[in-house]
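Have a look at the structure below, then the notes.
The values are calculated or read from the model by the stated rules, or taken from the named source; none is laboratory data. What you see is a predicted model, and the numbers here were worked out from it, not measured in a lab. Note that we place each Cβ from the backbone using ideal geometry, even for glycine, and neighbour counts take in every protein chain shown.
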Amino acid sequence: MSGGGEGRTPIITFDHVTKVYSLPAGDVVALNDVSMDVLPGEFIAVMGPSGSGKSTMLNLIGCLDVPTSGKVFIKGHDIRTMADTDLTRLRRDHIGFVFQQFNLLPLLNVVENVEFPLILKCGRKECGLKAYEVIRAVGLEEGLDTHTPSELSGGQQQRVAIARALVNDPDIIICDEPTGNLDSKSGATIMEVLASMNQRGKTIIVVTHDPKIAAFARRTLELLDGRIV
Amino acid sequence: MIFFEFAKRNIRLHWLRSLLAVIGITIGVVAITSMGILGNSLVLSISNTLTSVGDTIVITPHTSFQNFGGGSSTSGISERDVEQIRRSSGSNAVIPVYAGGDRIAIGRDVGAATIYGLDPKDIPLLLEVVNGTYIRSSSGVMVGSRIAEEFNLKLGSQITIGSDDATAVRVVGILKERGVGFDINPDFGIIASDQWFSERYGVSSYDQVIVKVKNLDEIDRVKSAIEEKLNRRETTVNVLDTRAILEGILSAFNQIKIFTTAIGGISLIVAGVSIFNVMMMSVTERTKEIGVIRSIGTQKSEVLKMFLDEAIILGLIGSLVGGVLSFAGGYAVSQIMLQTTEYLFVPSSLINILYGMLFGVVTSLLSGIYPAWKAANLNPIEALRHE
Ligand SMILES: Nc1ncnc2c1ncn2[C@@H]1O[C@H](COP(=O)(O)OP(=O)(O)OP(=O)(O)O)[C@@H](O)[C@H]1O
Ligand SMILES: [Mg+2]
């Protein structure tokens, strides 16, 4: 399965979504009446200047936050009506997160980091995909499995992070500037890994400032002042 | 169990401050437990000693400053007073006692002993013989178990009593060990007949009268009857009953115990604060990590558990070490202060170890609740942005 064919039910729907942060100095409108659909298997790049609302949009897709008004549907669920427990479960089972700062758990080694979501999901390591298989699939050399994150290069850490995002076999992978802390060469390899995951049917959304990175995607959303342009 | 593993690794990573928190808990547990053990052992040893004198009323002469210079008339309890006491006591046994101290010599060994003069008829009511017989006439004496041990006295041994006009007596019986009592302390004493005592020392008034009350409920009645008879015009005797004395001592001990337990409680509170502190530091330092695990699908309750685990591990280690230490400490203190550890190995003493450890764990758990709750309820987005 590949590509986002027309006529399929969207996996992500934004319906007139507005997100307002109330600050003492006044309200900040981070997203302003955004409507969009994302079909299963799409590879989307989100671009825009700093402060345009890219991370805010990603947080809503990742069920880490709820809109101030409007509706966000993830896999058909209206996230504003869901309890925290259900949102957490949705993140765990259907969404993979890749961060700019890699965000691996320093107390755990490579394999343990990748196994962590598996254990969250089924209480033990043996379920769904095998941690080792996923680690190989993102192209991390075998000798590094028992290393701690601090012993790895940025590119290696980001591969581990992608493996961790993939291990529960999610439908959506969201990446907030995944190559922001990498040189252009390892950035490109990371994007190749993501593209190959997209080949296998994952819906991928990448926030980036870099047009070369955005070129890997098949659709680009431009945000400006909280609106899609 | 991954959360338990997490907690373990975090403790290992920050071993120094974890160690300090553990030491705090250990001190608290040891304080509470050893005070409990010591208090209980004291109470047990005292009550053990006192049960042998049971329900006894002890009447001693009342000495006041006026009487001191006033000659010999009021220095004891006269035969007439004893008669009054007998009448007030009904069918209960009334045992008048002569008592005095004197030098003694056994062969070359010299020393001092308390010497009691008792009517041979009364002796079986008060004392038990383990070896030999009760005295029947004025010729023999019985000796307490400790003095027998000290001077290596056997049946038939001869004791010389007094230094100037010494008299020799022969041991006919050795008494069972009795412990400290409020009436007489025969373990280090020599028991002679009243006749021998009054002839030897030329006294006719008694130093003490013991009333053995058969029925517990009668104590107060008998006591007030005696007081009414003898102390009507002026106080001539003090009337004490052992039950009241026992209760007084136990309540004093209980107060000490409350005090020491309070000290233990305070150290546990201090330990709790230190665990709280360690946990809050842990939460602050790991805010970003919490944001990460929350965003990749860890439930609030699981984060809560992870931090509570940490507090429980600290508490358990501290309590276990504290339990072991307080057992060892209780052993040492009992040995030193009570010369015996028999009161340590009874359930009512050992339960204190369990209580102490329970307090330790509960304190740690309580101090961990707020930090853990805080960690669990962090906003994942803000936690992720935390540096
Ligand atoms: N937690 C928050 N509280 C208050 N205001 C916020 C918060 N998060 C974001 N904002 C504001 O919302 C707006 C959009 O922020 P957002 O992080 O989505 O931008 P961005 O496009 O990701 O920018 P960047 O490229 O710098 O990461 C900004 O003006 C920002 O200040
Ligand atoms: Mg951003």
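For the structure I just gave you, tell me whether A:D145 is more than 29 Å from B:Q299 (Cβ to Cβ) and away from chain B (no Cβ under 14 Å). Considered against the rule, which asks whether it is more than 29 Å from B:Q299 (Cβ to Cβ) and away from chain B (no Cβ under 14 Å), A:D145 comes out as no.
Inspect region B:74-87 for any residue being surrounded by fewer than 18 Cβ atoms within 10 Å (Cβ to Cβ) and at positive phi and give the result as yes or no. Within region B:74-87, none of the residues are surrounded by fewer than 18 Cβ atoms within 10 Å (Cβ to Cβ) and at positive phi. Scanning region A:99-124 for residues that are of a type in the set (F, W, Y) and at the interface with chain B (Cβ under 8 Å from one of its Cβ atoms) yields A:F99, A:F116. Looking at region B:288-387, the helices (runs of 4 or more DSSP H) lying wholly inside it that each contain 3 or more residues that are more than 26 Å from A:L58 (Cβ to Cβ), more than 16 Å from ligand 1 (Cβ to nearest atom) and within 14 Å of chain A (Cβ to nearest Cβ) sit at B:300-333. I'd like to verify a number: residues in region A:47-60 that are away from ligand 2 (no atom under 11 Å from the Cβ) and crowded, with 23+ Cβ neighbours inside 10 Å, how many? So the answer is 1. Taken across region B:60-77, residues that are modelled with pLDDT of 90 or more, touching a strand residue (DSSP E or B) at 6+ places or on another chain (Cβ under 7 Å) and in a strand (DSSP E or B) do not occur at all. Scanning region B:83-116 for residues that are within 17 Å of B:V213 (Cβ to Cβ) and in contact with a Pro (Cβ under 9 Å, 6 or more places away or on another chain) yields one hit, B:I85. Which condition number does B:I336 fail, the rest of (1) aliphatic (A, V, I, L, M); (2) at pLDDT below 90; (3) within 16 Å of ligand 2 (Cβ to nearest atom) being met? Tallying (1) aliphatic (A, V, I, L, M); (2) at pLDDT below 90; (3) within 16 Å of ligand 2 (Cβ to nearest atom), B:I336 fails exactly one: (3). Among the residues making up region A:182-212, those that are out of contact with any helix residue (DSSP H, G or I) (no Cβ under 8 Å at 6 or more places or on another chain), within 26 Å of A:L60 (Cβ to Cβ) and in a helix (DSSP H, G or I) are A:A195, A:N198, A:P211.
Against the conditions (1) under 18 Å from B:I381 (Cβ atoms); (2) touching a residue at least 40 places away in the same chain (Cβ under 8 Å); (3) away from ligand 1 (no atom under 16 Å from the Cβ); (4) away from chain B (no Cβ under 11 Å), A:G96 satisfies every one except (4).
When B:V110, B:V169 are screened for being in contact (Cβ under 8 Å) with a residue 12 or more places away in the chain and in a strand (DSSP E or B), only B:V169 passes.
Within region A:130-153, the presence of a residue that is under 27 Å from A:G76 (Cα atoms) and either more than 16 Å from ligand 2 (Cβ to nearest atom) or touching a Ser or Thr at 6+ places or on another chain (Cβ under 8 Å) (or both) is excluded. Selection of region A:35-64 for residues being within 15 Å of ligand 1 (Cβ to nearest atom) and closer than 16 Å to A:R80 by Cα yields A:T56, A:M57, A:L58, A:N59, A:L60, A:I61, A:G62, A:L64. Pairs meeting the criteria (first residue in region A:108-123 and closer than 19 Å to A:G139 by Cβ, second residue basic (K, R) and surrounded by fewer than 18 Cβ atoms within 10 Å (Cβ to Cβ), beta carbons under 6 Å, at least 6 apart or on different chains) are A:E115/A:K125. Can you find a residue that is within 13 Å of the chain's Cα centre (by Cα) and within 19 Å of A:S52 (Cβ to Cβ) anywhere in region A:158-170? No, the conditions are met nowhere in region A:158-170.
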